[in-house]
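The values are calculated or read from the model by the stated rules, or taken from the named source; none is laboratory data. Keep in mind that what you see is a predicted model, and the values were worked out from it rather than measured. Note that we place each Cβ from the backbone using ideal geometry, even for glycine, and neighbour counts take in every protein chain shown.
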């Protein structure tokens, strides 16, 4: 293997580890209420996910896959860290240009299901929920987790679908190439098997 290819793989892994650490250091959305402590936790999530959104799509995807492998007690699982599949669903909305409102007909064409159906009204489906768009264009975490019993989410599938359907959200300093454009450089990222229940 050429030295440049090895160097690229090392750089890729280092970046992926940085993203994973930001994910693992993010508070969990579940159980957040309206106290000042909860507001601080929300701001930490927003800060970390905004930083993650500056990385290349394949780097983020590799970190997400590692994070999801921890969801149900993977071999390196550390219960003190705490992991949540909901964190990835929220991250997906920071990384990809998910619209706040999408017509119900368009929503039904998207090839995935949601763990929790997003809120809808006469205008359509709020696909960005639980995130909202502030007047200045920044993203805020404003939704609260309702009680839910149902099938496990598949946020890695959602990641890929949002990448294809909406592309990257514009972020200052972000590398916005789609995953397909990066495949040639890192083919192992695009060929990783789907995580079944995370």
Go through the range 16-34 and report how many residues are modelled with pLDDT under 80 and either surrounded by 13 or more Cβ atoms within 10 Å (Cβ to Cβ) or touching a helix residue (DSSP H, G or I) at 6+ places or on another chain (Cβ under 9 Å) (or both). 4
For the range 23-56, how many residues are in a loop (DSSP other than H, G, I, E, B), free of Cβ contacts under 8 Å to residues at least 60 places away in the same chain and closer than 16 Å to residue 132 by Cβ? 1
Looking at the range 144-153, can you tell me whether even one residue there is outside any loop (DSSP other than H, G, I, E, B) and modelled with pLDDT of 70 or more? no
Which numbered condition in (1) out of contact with any helix residue (DSSP H, G or I) (no Cβ under 7 Å at 6 or more places or on another chain); (2) surrounded by 10 or more Cβ atoms within 10 Å (Cβ to Cβ); (3) at pLDDT below 85 is the only one that residue 13 fails? (3)
Could you tell me whether any residue of the range 104-120 is modelled with pLDDT of 80 or more and either under 18 Å from residue 28 (Cα atoms) or part of a loop (DSSP other than H, G, I, E, B) (or both)? no
